[in-house]
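Data first, discussion second: the structure below is written as structure tokens.
The values are calculated or read from the model by the stated rules, or taken from the named source; none is laboratory data. The structure presented is a predicted model; accordingly, all values stated were derived computationally and were not measured. A quick note on method: Cβ atoms are made from the backbone with ideal geometry, for glycine too, and the neighbour counts reach across all protein chains shown. These accessible areas exclude ligands, DNA and RNA; they are computed on the full protein's heavy atoms, side chains included. Shrake-Rupley method; radii C 1.70, N 1.55, O 1.52, S 1.80 Å.
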Amino acid sequence: MIQQRSPSYLLSRELFVRSLPWLWLPLWVTAALIAIFQHGPMPMYSTRTLSVAWEMWLHHSMLVPYLNGLPYSDKPPLLLWLIQSGWAVAGVNDVWPRLLEVLLGAIQLVLAWRLARKLFPQAVRIAHAPAWILLAFTYGFLFGLQVMYEVLLADCVLAALLCLAPAAHGGPPRFGGFLLALSLGLLTKGPVVLLHVGVPWLLGPLWSEWARRERRQWYSRGGLSCLAACVVLLAWALPAAWMGGKAYQRMLLVHQTAGRVVDAFAHAHPFWWYLPLLPVLAFPFTLWPRMWAALMRWRLPLEPGTRFLLAWLVPVLLGFSVISGKQAYYLLPEFAGMAMLMAVALVSAHASGTAKSRWLSPWPLAALLAATGVILIGLDALVARHVLSDPVYSVMASHGRPFGALYLLLALVLVVPRKGELYRVAGTGLVAAVAANGLFSLTLWPAYDFTPVSHLVAKAQQENRPVASLESNDGQYAFLGRLTKPVEQLHSTRALQKWSD
């Protein structure tokens, strides 16, 4: 009887195909390599990071980052060091930073798989499910293509939590590895890593038998690890602050963290802002009714691995909700935990013999893909009949038909009854994201490409002509134009008129 089979059997039978569990890593790497080279560095995220790395390289500065000729206090330098290490070997280019982001994304998937193995050792095959879910998060995939700090931070967070997770045979946590991962996280994005990692550590007795049994060691050794990691951060921050000047000292040591927590000077949003955003971050699985049915069928008592996930995700979400400054990508290190929670819910639902209805299949996702395909195929006719008059639609219509056919094919893959439903949802979601990125690259990317204007700025500087930027200059010119001098920043039309005179 199927009710007597193990959860791992049910997962492999109905959600997986036995021969494919490890396909998630080469599939994701292939998709990421295709997508990340479809267009150039995206402003303002990638261009700003690359410009800071370029100006550090230009100033021969290993401690103080620079942006537009001034010390840049927003981020610590670990990612910038990694970028420059590749440049030291192959010269300044934009290929190595992209390959680095793909490598960091692959490490994130492997760490998520390893953490799931450790949290749920009773069913080895369950560990592959979070990797498949994580690779298919559309927002996580597309944002992970940016040369930004969050994927490296996610690697550090997962590595730190992996060191804290329950060891085999009840052994102690690896506090040395916890210290190393926490130190690297602090050097990646500063004290915010303490929220990602510190909260599940503080709640350790709720999910760890070792922490309950050895509370004194858990908190003393963990606390010493946190303090030592902060010392590592200060070993960079204090010399950098001394070299960067008084304004840089104030911004680096006080304003960046305190400003975002108390009264954000950037990205301010209300307390509830993340709640309606969660379904967007979990797309395409938000359009898989089986996932919702599984999440609503939790049964008590919760096993230690699930308690670990809840002790990690819920307080961190509340913490970021309280903090004034908010961005969707701040939660990127928690995407692996979300994927694990979804995987456990799916396995539990199948183990209990529930969630078998065909109405729980991914038909809403198939309907969305089919509708997208039909619209893209019909876009040319709508533009020709002047139903859509915006020039953007005219540009998209020239490439709409092949992409529309692809989306219809992806919808067909979802509606045809076959085994491996999780594979099909994850695979179609990933391919759809790569296709959307490709369509953007062929149609809308020229409007976002700052390369031509950056080359004009570089030429003007070479001719010793004055160059100024009105209002917005977030590093979109320096790396693309390999600028050797800062661009003067103007903040009003009156300042522009005075400068031009």
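When the range 411-426 is filtered for residues that are touching a residue at least 24 places away in the same chain (Cβ under 8 Å) and either farther than 18 Å from Leu360 by Cα or among the β-branched types (Val, Ile, Thr) (or both), the ones remaining, listed by number, are Val415, Val425. Could you tell me whether the range 404-427 includes any residue that is of a type in the set (Phe, Trp, Tyr) and open to solvent by less than 60 Å² (accessible area, probe 1.4 Å)? Scanning the range 404-427, I find at least one residue that is of a type in the set (Phe, Trp, Tyr) and open to solvent by less than 60 Å² (accessible area, probe 1.4 Å), so the answer is yes. Of all residues in the range 167-183, none are closer than 20 Å to Leu281 by Cβ and surrounded by 21 or more Cβ atoms within 10 Å (Cβ to Cβ).
Which residues, counting only those in the range 166-211, are closer than 28 Å to Leu234 by Cβ and at pLDDT below 90? Correct list: Pro172 only.
All of (1) in contact with a Ser or Thr (Cβ under 6 Å, 6 or more places away or on another chain); (2) buried (at least 24 other Cβ atoms within 10 Å of the Cβ); (3) not in a helix (DSSP H, G or I) hold for Gln146 with one exception: (2). The helices (runs of 4 or more DSSP H) located wholly in the range 18-108 that include 1 or more residues which are crowded, with 22+ Cβ neighbours inside 10 Å and of a type in the set (D, E, K, R) occupy 45-59.
Here's the yes/no breakdown for (1) open to solvent by less than 10 Å² (accessible area, probe 1.4 Å); (2) closer than 30 Å to Asp94 by Cα:
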residue	(1), (2)
Pro121	no, no
His128	no, no
Ala131	yes, yes
Thr138	no, yes
Ala154	yes, yes
Leu161	yes, no
Leu164	yes, no
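Inside the range 184-198, residues that are in contact with a Pro (Cβ under 9 Å, 6 or more places away or on another chain) and open to solvent by 30 Å² or more (accessible area, probe 1.4 Å) make up a count of 2.
Please count how many residues of the range 448-477 are of a type in the set (A, V, I, L, M, F, W, C), open to solvent by less than 90 Å² (accessible area, probe 1.4 Å) and at pLDDT 90 or above. Break it down into steps so the answer makes sense when it comes.
Step one: list which residues in the range 448-477 are of a type in the set (A, V, I, L, M, F, W, C), which gives 450, 453, 456-458, 460, 467-468, 470.
Add one more test, that the residue is open to solvent by less than 90 Å² (accessible area, probe 1.4 Å), and what stays is 450, 453, 457-458, 460, 467-468, 470.
From the residues that got through so far, the ones that are at pLDDT 90 or above too are 450, 453, 457-458, 460.
So the answer is 5.
The set of residues from the range 332-365 being open to solvent by 10 Å² or more (accessible area, probe 1.4 Å), at pLDDT 85 or above and out of contact with any Ser or Thr (no Cβ under 8 Å at 6 or more places or on another chain) comprises Met338, Met342, Ser361, Trp363, Pro364. Val193 meets each of the listed conditions (1) outside any helix (DSSP H, G or I); (2) under 18 Å from the mean Cα position of the chain (by Cα) apart from (1).
Listed here are the residues, each with its yes/no results for (1) without any contact (Cβ under 8 Å) to a residue 60 or more places away in the chain; (2) of a type in the set (A, V, I, L, M).
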position	(1), (2)
Asn93	yes, no
Leu104	yes, yes
Ala131	no, yes
Leu142	no, yes
Met148	no, yes
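Within the set Leu480, Leu496, the sole residue that is more than 23 Å from Met42 (Cβ to Cβ), assigned to a helix (DSSP H, G or I) and either among the hydrophobic types (A, V, I, L, M, F, W, C) or open to solvent by 60 Å² or more (accessible area, probe 1.4 Å) (or both) turns out to be Leu496.
Looking across the range 200-252, the residues that are among the small types (Gly, Ala, Ser), free of Cβ contacts under 8 Å to residues at least 40 places away in the same chain and crowded, with 20+ Cβ neighbours inside 10 Å come down to Ala211, Ala241.
If you go through the range 366-385 one residue at a time, do you hit one that is within 30 Å of Val314 (Cβ to Cβ), out of contact with any Ser or Thr (no Cβ under 8 Å at 6 or more places or on another chain), open to solvent by 30 Å² or more (accessible area, probe 1.4 Å) and among the basic types (Lys, Arg)? There is no residue in the range 366-385 that is within 30 Å of Val314 (Cβ to Cβ), out of contact with any Ser or Thr (no Cβ under 8 Å at 6 or more places or on another chain), open to solvent by 30 Å² or more (accessible area, probe 1.4 Å) and among the basic types (Lys, Arg).
Please work out if Trp113 is at pLDDT 95 or above and among the aromatic types (Phe, Trp, Tyr). In short, no.
Based on this model, can you work out whether Trp132 counts as among the aromatic types (Phe, Trp, Tyr), assigned to a helix (DSSP H, G or I) and under 15 Å from Ala112 (Cβ atoms)?
yes
Can you pull out every residue in the range 157-192 that is under 17 Å from Arg114 (Cα atoms) and in contact (Cβ under 8 Å) with a residue 60 or more places away in the chain? Residues satisfying the conditions are Val157, Leu158, Leu161, Ala165, Pro166.
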